[in-house]
Amino acid sequence: MASARRRNNETSLDECQSSSKLPRNDKSHIAALILARGGSKGIPLKNIKMLAGVPLIGWVLRAAMDSGMFDSVWVSTDHDKIEEVAKAWGAQVHRRSPKVSREFSSSVETIQEFLEDHKEVDIVCHFQATSPCLHPFHVKEALEKITVHGYDSVFAVVRRHQFRWKEVEKGSGEQTVPFNLEPAKRPRRQDWPGELCENGSFYFAKKEIIEKEGHLQGGKLTYYEMLPEYSVDIDVDIDWPVAEQRVLRYGYFGKVTPEVVRLMFCNISGCLTDGKIFMSVSGEAMVSVNTRDTTGLRMLQEEQVEVILLTTDKDPIDPALLQKLEDRIMCKVEKVGKEPLNDLKSIVEKKKLEWKDVAFMGFDQADVKCLNLAGLSAVPDDAPAVAKKAAKYICRRAGGSGAVREFTEHILLQKQMAKSQREQDRIDRHNF
């Protein structure tokens, strides 16, 4: 059942990607809204903390925008850094008032203030920034319950198979009782459909429901069921490593399919090295290269991904050192000018590739155009802010300290995921 649902969902994703804006029968203004207060007590600035190389809020923004379903995409915040990240990801920003920025302010209060300031909005799609496994097909299918099927509100649920018991006060002597179970007739998991529980991913509602009823689950109400693998909710710091692994496997990485990567460009200075040059007493120049990084590049080559290392006239690296590096990793070293894109375009064209087939790892402002253009792109953790804003993946490690290996593993994981999904599709087609 799950595999069948997943296949149908992926068909919907393909439909979402066929155009940046899907046609609708009405002229309602539909707005995506993510609430991102800066004062999270559990995890400071949780909404923009890096998760698998992307700010947490970026995962939801990417899915919402790529769904092609919205007239506007907003982030409501009271914090300058969150505003900066939101705008970098293409969202508009609603600066909420102090009145709805308090610790105990409700989501509904904030949404009502947003609607008061933006009277053109007819339908609000409230997304939780803490649900990073959202995909465009989730958005499209759920929103169509309102725009096509005539519901007033819809919210996300997940199916759980958990038996619930009444909580009793310690020392009261009261006995607990089951809420959804007859112990004498305890069902097997496969014989019990489970229960639908809110997973907090999103709540969509027409404006009049929010204004008249004061909540997002009113009028003609329905739910949208998401598979468990997409139901990730980050509440405490201990959830972060678990969520990161889930996102790497089930997250949405954009319209470009990662498994098509055929070529990787990687800067030597700042990525493969930490940018330092060591000088010996005799005047010989030396650089330090992490063996984890070179091993990672060889792993890509074994998967038929060509690797080209990049250097510039400004890099004070001796040509003899570059030759040794080229021989050790068994890949070509190319020298690029002030605008690397001007030199790399011809290489991509000669190999009859498109930029969606390219992975690019850069470090500085000169790399921004390539970082934006490449299908997959990354920078080390110590890269300047201008490069981080352009990259699709931000490594946890610094240049020369394993960042290249981290990015190569990310590329290989995406390729493996795609292979696994193709195999699952093959099995599904055979079963049907």
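The values are calculated or read from the model by the stated rules, or taken from the named source; none is laboratory data. The model shown is predicted, which means the values in this text are computed figures rather than measured ones. Glycine gets a Cβ as well: all are built from the backbone with ideal geometry, and neighbour counts include every protein chain shown. Side chains are part of the model used for accessible areas, which takes the heavy atoms of the whole protein and leaves out ligands, DNA and RNA. Shrake-Rupley method; radii C 1.70, N 1.55, O 1.52, S 1.80 Å.
Data overview
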{"quantity": "Residue tally, condition open to solvent by 70 Å² or more (accessible area, probe 1.4 Å) and not in a loop (DSSP other than H, G, I, E, B), over the range 178-204", "calculated": "7"}
{"quantity": "Test for residue 120: is it under 30 Å from residue 44 (Cα atoms) and acidic (Asp, Glu)", "calculated": "no"}
{"quantity": "Test for residue 379: is it open to solvent by 50 Å² or more (accessible area, probe 1.4 Å) and modelled with pLDDT of 75 or more", "calculated": "no"}
{"quantity": "Those helices (runs of 4 or more DSSP H) lying entirely in the range 32-140 with at least 3 residues among the polar types (S, T, N, Q)", "calculated": "107-117"}
{"quantity": "Residue match in the range 209-223 (condition: in a strand (DSSP E or B) and closer than 21 Å to residue 65 by Cβ)", "calculated": "no"}
{"quantity": "Filter result for residue 62 (in contact with a strand residue (DSSP E or B) (Cβ under 6 Å, 6 or more places away or on another chain), crowded, with 20+ Cβ neighbours inside 10 Å, charged (D, E, K, R) and in the same structural domain as residue 203 (by the TED database))", "calculated": "no"}
{"quantity": "Options 236, 247, 289: the member that is buried (at least 16 other Cβ atoms within 10 Å of the Cβ), over 17 Å from the mean Cα position of the chain (by Cα) and modelled with pLDDT under 90", "calculated": "289"}
{"quantity": "Counted residues, the range 323-343 - those being assigned to a strand (DSSP E or B) and open to solvent by 50 Å² or more (accessible area, probe 1.4 Å)", "calculated": "2"}
{"quantity": "Of residues in the range 89-114 being touching a Gly at 6+ places or on another chain (Cβ under 9 Å), crowded, with 16+ Cβ neighbours inside 10 Å and not β-branched (Val, Ile, Thr), the one modelled with the highest pLDDT", "calculated": "112"}
{"quantity": "Qualifying residue in the range 147-160 (condition: part of a loop (DSSP other than H, G, I, E, B), farther than 29 Å from residue 244 by Cβ and touching a strand residue (DSSP E or B) at 6+ places or on another chain (Cβ under 7 Å))", "calculated": "yes"}
{"quantity": "Selected residue (only one of 359, 320 is on the phi < 0 side of the Ramachandran plot and in a strand (DSSP E or B))", "calculated": "359"}
